[in-house]
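Peer 1: Sharing a structure, written as structure tokens. Questions coming.
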Amino acid sequence: MPTPSLTALPIRRLTHRDLTACADLSEDRGWPREEHKWGLLLSAGTGYGIDDPDGGLVCACVVSEYGPHGRPALGAIGMVLVAERHARQGVGRRLMRHVISLMGATPLTLHATPNGRPLYEELGFKTTGRAEMVRGLLTPDETASDVVTRAATAEDLTAILRLDEVVFGTERTHVIARLPAFADQLRVAEEGGRIIGYAAAWPNMDTQVVGPLIARDTRTAKALLSSLAARTDRPLRTDIDVRHEELLEWVKAHGLESVAFNSVMTHGITELPGDWRRRFAPLTVAAG
């Protein structure tokens with residue numbers, strides 16, 4: 001039997017049973033396996049992929065929908081991967097067009113690497129921002145911050161969700177409510193008994209990824225980062241909106257180094273909803 005053409009292979013929904021195949025696909029492209037992150041994305045979002053007749057996946061991606069159920073206000077596309085043996089054959093373009101068609105009029109966003117950006121531009125995405133990935137062992141100032149931080153409790157979840165919806169620009173309870181189980185650390189900053197910021201640090205290979213990082217101001221963001229760093233011996237990694245120049249300068253002065261830049265792109269909207277001034281880092285670039 002001849003091998004079917006890539007254009008004839010069906011696109012299907014991925015499930016949690018595909019986690020190992022997704023991790024294998026990441027590894028095939030030289031990415032970390034990131035099974036922990038794949039697990040969250042496949043549980044909270046919707047995966048799409050094409051099966052390889054010879055085993056594994058030809059390609060995959062995940063869409064995270066935010067807003068009212070059935071009427072999403074925003075869709076974030078991430079983990080767009082094509083197996084090396086099938087690269088440069090149009091299969092990634094086909095998968096993206098399928099997802100865009102399924103999402104209809106729902107506004108979309110994604111973080112694009114320099115290599116991926118031309119394809120997304122061809123599909124109608126526009127660059128609306130940039131994020132800088134930084135990584136390293138954070139050594140905060142020895143001077144004590146006057147911002148109070150503490151570990152989040154179950155009683156904080158309602159306030160965290162309320163703050164997150166305002167800052168993110170739409171509701172994403174189904175993702176944020178998974179943070180206590182997904183993250184190694186979930187901490188809040190408060191003032192007068194009111195939560196003014198929160199941050200999670202979750203395991204990713206040999207690092208802890210910080211995200212989301214939501215804070216009233218840069219001073220609060222610094223305090224949250226410092227409190228997370230003080231409770232792990234792993235390097236931190238996060239993706240900071242480049243408009244937060246003061247925070248980027250501070251983390252680089254205290255041990256983190258620039259790793260890469262990604263373009264924040266949108267489709268169907270000219271800018272992301274919410275308040276970027278309080279949105280310092282995404283949960284993960286794959287989910288916004």
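The values are calculated or read from the model by the stated rules, or taken from the named source; none is laboratory data. As the structure is a prediction and not an experimental result, all values here were calculated from the model. Positions of Cβ are backbone-derived with ideal geometry, glycine not excepted, and every protein chain shown enters the neighbour counts. Remember, those area values only see protein heavy atoms, side chains included, never the ligands or the DNA or RNA. Shrake-Rupley method; radii C 1.70, N 1.55, O 1.52, S 1.80 Å.
Peer 1: Charges on Cβ only, +1 for Lys and Arg, -1 for Asp and Glu, centred on the Cα centroid of the chain; of 115, 270, 240, which one is farthest towards the dipole's positive end?
Peer 2: Value: 270.
Peer 1: Tell me the relative contact order for the stretch 166-288 as a rounded percent, counting alpha carbon contacts under 8 Å between residues six or more apart. Please report the intermediate quantities before stating the final value.
Peer 2: Numbers: 172 pairs, mean separation 36.9, N = 123.
Normalised by residue count, the contact order of the stretch 166-288 is 30 percent.
Peer 1: What do you get for trypsin sites (Lys or Arg not before Pro) in the stretch 28-100 restricted to DSSP loop and a cutoff of at most 14 other Cβ within 10 Å of the site's Cβ? Intermediate results must be reported in sequence, preceding the final value.
Peer 2: Working: sites: 29, 33, 37, 85, 88, 93, 94, 97; in loops: 29, 33, 88.
Loop-located and lightly packed - 29, 88.
Peer 1: For labels at residue 233 and residue 73 in the simple 7 Å Cα→Cβ model, what's the distance in nm?
Peer 2: With each label placed 7 Å out from Cα toward Cβ, I get 4.4 nm.
Peer 1: In addition: Compute the distance in nm between two label points, each set 7 Å from the Cα along the Cα-to-Cβ direction, one at residue 219 and one at residue 121.
Peer 2: 4.2
Peer 1: If you stretched the chain out fully between residue 178 and residue 97, how much longer would it get, using 0.36 nm times the residue separation minus the C-alpha to C-alpha distance?
Peer 2: The span from residue 178 to residue 97 would gain 26.2 nm if fully extended.
Peer 1: If each residue of separation counts as 0.36 nm, what is the full-extension length gain between residue 145 and residue 33 once their alpha-carbon separation is subtracted?
Peer 2: On the way: separation 112, 0.36 × 112 = 40.32 nm, distance 3.67 nm.
Residue separation times 0.36 nm, minus the Cα-Cα distance, leaves 36.6 nm.
Peer 1: Give me the percent relative contact order of the chain, please, defined on Cα pairs under 8 angstrom at least 6 residues apart.
Peer 2: On the way: 557 pairs, mean separation 64.2, N = 288.
Across the chain, relative contact order equals 22 percent.
Peer 1: Placing unit charges on C-beta atoms (Lys and Arg positive, Asp and Glu negative, everything else neutral), compute the dipole magnitude of the chain about its Cα centre in debye, rounded to 20.
Peer 2: Numbers: 33 positive and 36 negative charges, 127 e Å.
Here the chain has a charge dipole of around 600 debye.
Peer 1: Continuing with this model, one more query. Return the label of the correct value of percent of Cα pairs over 30 Å apart, as calculated from the structure shown, out of [x] 27; [y] 30; [z] 33.
Peer 2: [y]
Peer 1: Note down the nm distance, to one decimal, between modelled labels 7 Å out along Cα→Cβ at residue 43 and at residue 205.
Peer 2: If labels sit at residue 43 and residue 205, their model points lie 2.2 nm apart.
Peer 1: Oh, and also: Between residue 162 and residue 24, 0.36 nm times their residue separation minus their Cα-Cα distance comes to what? Present the calculation step by step, with values, prior to reporting the outcome.
Peer 2: Numbers: separation 138, 0.36 × 138 = 49.68 nm, distance 3.70 nm.
Full-extension gain reported as 46.0 nm.
Peer 1: Follow-up. Express the carbon and sulfur contribution to the solvent-accessible surface of the stretch 154-247 as a percent, rounded to the nearest whole number, probe 1.4 angstrom. Each step should come with its number before you reach the end.
Peer 2: Numbers: 1750 of 3640 Å².
That share works out to 48 percent.
Peer 1: Quote the FRET efficiency, to the nearest 0.05, computed for residue 270 versus residue 249 with a Förster distance R0 of 25 Å and r equal to the Cβ-Cβ distance.
Peer 2: Working: r = 28 Å, r/R0 = 1.13.
That gives a FRET efficiency of 0.35.
Peer 1: Please give the per residue accessible area of the stretch 202-288, computed with a probe of 1.4 Å over protein heavy atoms only, in Å².
Peer 2: Working: 3480 Å² over 87 residues.
I get 40 Å² per residue for the stretch 202-288.
Peer 1: OK, next. Which of the lysines could a cross-linker bridge to residue 222, judged by Cα under 28 Å and excluding same-chain residues fewer than eight apart?
Peer 2: Filter leaves 37, 252.
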